[in-house]
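The values are calculated or read from the model by the stated rules, or taken from the named source; none is laboratory data. All of these numbers come straight from a predicted model, not from anything done at the bench. Heads up, the Cβs are rebuilt from the backbone with ideal geometry, glycines too, and the neighbour counts pull from every protein chain shown. These accessible areas exclude ligands, DNA and RNA; they are computed on the full protein's heavy atoms, side chains included. Shrake-Rupley method; radii C 1.70, N 1.55, O 1.52, S 1.80 Å.
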Amino acid sequence: MFQKLRDYVRSVFQRDPAAHSTLEVILLYPGVQALALHRLSHRLWRWKLHWLARALSQAGRWMTGIEIHPGARIGRRFFIDHGMGVVIGETSEIGDDCTLYHGVTLGGTTWRKEKRHPTLGNNVVIGAGAKVLGPITIGDGARIGSNSVVVKEVPSGATVVGIPGRIVTPRNDDQERQREALARKLGFDAYGQTRDMPDPVAHAIDLMLDHMHRVDGKMKALSAALEKAGIKVDLDIPELEVQNLEKGERDGPKEG
């Protein structure tokens with residue numbers, strides 16, 4: 001028992017840099033308190049003492065602001081950071097080493113008495129305010145972005161963002177370097193801007209850079225063929241006059 005408690009507290013320290021002492025984690029972390037009360041209420045639920053189990057879970061909700069139905073099945077080293085507003089439904093199943101942030105809902109999409117809440121694999125992280133709804137499975141190591149709404153299965157290792165949730169395709173390192181090199185050649189820093197842009201804008205710029213990279217390659221091949229034939233041409237792409245563009249944006253359109 002004490003070994004499990006030490007392992008759990010150690011896992012909290014690994015996931016929360018604000019933790020300073022074991023006593024602080026055990027006595028002052030609402031997520032830890034809510035989980036401890038859930039372990040007791042879940043045991044009562046399994047013993048068919050449903051009213052008592054619900055009463056204990058309601059007491060935990062009142063104390064911590066975290067609502068965990070006593071029927072939910074939760075694995076080892078589960079951590080709720082901050083925790084206020086977290087709701088975990090009756091038929092939810094949570095694997096080992098999962099992390100939830102405040103405002104997360106593991107909710108149902110039907111009133112029928114059946115499996116109606118999500119199943120999380122191991123090492124799943126769900127960001128603040130996210131809603132995971134229905135009897136879907138979130139694979140091991142998946143990441144759900146803050147404020148996302150997820151209603152479909154998520155494969156292991158995937159990252160999901162948006163409303164409705166969509167899987168973000170990881171960038172290819174070679175492709176990323178090509179895009180950055182072409183952006184520098186054109187005279188602007190696409191990636192200095194797109195980190196803060198909405199995802200569709202970043203995706204559109206990526207597609208344009210990929211297309212321009214292919215056009216640049218074709219032009220180089222054409223230039224090499226012409227030079228081999230004794231015809232010298234300059235097909236290099238000139239740099240954009242970024243300063244002039246910025247000046248034009250500041251000055252605005254000229255009145256005629």
*Out of W62, W111, report the one residue that is open to solvent by 20 Å² or more (accessible area, probe 1.4 Å), outside any helix (DSSP H, G or I) and either hydrophobic (A, V, I, L, M, F, W, C) or free of Cβ contacts under 8 Å to residues at least 40 places away in the same chain (or both).*
W111
*Would you mind stating whether D7 is among the charged types (D, E, K, R) and surrounded by 15 or more Cβ atoms within 10 Å (Cβ to Cβ)?*
no
*asked:* I need the full set of residues from the range 71-93 which are aliphatic (A, V, I, L, M), touching a strand residue (DSSP E or B) at 6+ places or on another chain (Cβ under 8 Å) and open to solvent by 10 Å² or more (accessible area, probe 1.4 Å), in order please.
replied: I74, V87
*Test V124 against the criterion of being among the aliphatic types (A, V, I, L, M), surrounded by fewer than 19 Cβ atoms within 10 Å (Cβ to Cβ), touching an Asp or Glu at 6+ places or on another chain (Cβ under 9 Å) and closer than 21 Å to Q33 by Cα, and give yes or no.*
no
*In the range 144-168, which residues are buried (at least 16 other Cβ atoms within 10 Å of the Cβ) and of a type in the set (A, V, I, L, M, F, W, C)?*
I144, V149, V150, V154, A158, V160, V161
*Condition test on R15, is it open to solvent by 20 Å² or more (accessible area, probe 1.4 Å) and farther than 17 Å from G127 by Cα?*
no
*Just checking, which of G230, G187, G192 is modelled with pLDDT under 75, among the small types (G, A, S) and out of contact with any helix residue (DSSP H, G or I) (no Cβ under 6 Å at 6 or more places or on another chain)?*
G192
*Do you know which residues across the range 94-108 are part of a loop (DSSP other than H, G, I, E, B), farther than 18 Å from Y8 by Cβ and open to solvent by less than 10 Å² (accessible area, probe 1.4 Å)?*
V104
*For the range 114-129, what are the residues that are touching a Leu at 6+ places or on another chain (Cβ under 7 Å) and part of a loop (DSSP other than H, G, I, E, B)?*
H117, P118
*Tell me, which residue of the range 130-143 that is outside any loop (DSSP other than H, G, I, E, B) and open to solvent by less than 10 Å² (accessible area, probe 1.4 Å) is nearest to G89 (Cα to Cα)?*
V132
*Which one is nearest to V104 (Cα to Cα), of the residues in the range 18-52 that are open to solvent by 40 Å² or more (accessible area, probe 1.4 Å) and not in a helix (DSSP H, G or I)?*
A18
